[in-house]
Amino acid sequence: MATALLYNLNATDKGRKVRVALLKHGVTPRTVPSESFSIPIGGLLGIAGTGDDGEENIVGATCGRPPASTHQQSGEQSSPLRDAYLPMEGDMAPFSEEMLVFHDLRPGQLDAVLAELRGARVPVALKAMVTEHNVTWTAYTLRDHLMEERAAIARTRARGPVHGKA
């Protein structure tokens, strides 16, 4: 089923417009609360073996998280699945950027949604499709990666066109 995970597009007019555009094109919107930002994207989507789907084959390193012992309070129970999701110190505060993560879209469906958002003048700077490479990433990791890509594109544009390239 075509799904979009919505980060920081909660109870706002912009969030409502995004949901309308998604639903119009057959994409189910799912708001991700900030307390779930450290759960792998695949886990949020219920993709087997990637996270919070009952599978306990998560490796903490795939989620960018240190062992639980560095963050647990005394008396807390440990489990491999829970430990993989413990936030690192820098991740304690949720990020504020809006982000859309698309999964299982049909051919042409993404283009239609993006055109709808452009036409409605509803910009969401951070957008991604779920891939085999990012399915185990958390929202923090994906956001950082997208921000780095945006910065690299901005640097390239700032340099201007490349002339004399063979």
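The values are calculated or read from the model by the stated rules, or taken from the named source; none is laboratory data. Bear in mind the structure is a predicted one, so any value in this text is a computation, not a measurement. Quick reminder, even Gly has a Cβ in these numbers, built from the backbone with ideal geometry, and neighbours come from all protein chains shown.
The residues on offer are 124, 59, and the sole one that is β-branched (Val, Ile, Thr) and at pLDDT 95 or above is 124. Looking across segment 15-35, the residues that are in contact (Cβ under 8 Å) with a residue 60 or more places away in the chain and either more than 22 Å from residue 105 (Cα to Cα) or exposed (fewer than 13 other Cβ atoms within 10 Å of the Cβ) (or both) come down to 24, 34. Which members of segment 36-54 meet the condition of being touching a residue at least 60 places away in the same chain (Cβ under 8 Å) and not in a helix (DSSP H, G or I)? If the condition is that a residue be touching a residue at least 60 places away in the same chain (Cβ under 8 Å) and not in a helix (DSSP H, G or I), then 37, 38, 39, 40, 47, 50, 51 are the ones that fit. In segment 78-95, the condition of being in contact with a Ser or Thr (Cβ under 6 Å, 6 or more places away or on another chain), modelled with pLDDT of 80 or more and either of a type in the set (Ser, Thr, Tyr) or loosely packed, with under 15 Cβ neighbours inside 10 Å (or both) is met by no residue.
Taking every residue in segment 137-166 that is among the β-branched types (Val, Ile, Thr) and surrounded by 12 or more Cβ atoms within 10 Å (Cβ to Cβ) and pairing it with any residue that is modelled with pLDDT under 95 and not in a helix (DSSP H, G or I), at least 6 positions away or on another chain, the pairs with Cβ-Cβ distances below 6 Å are 138/38; 141/64.
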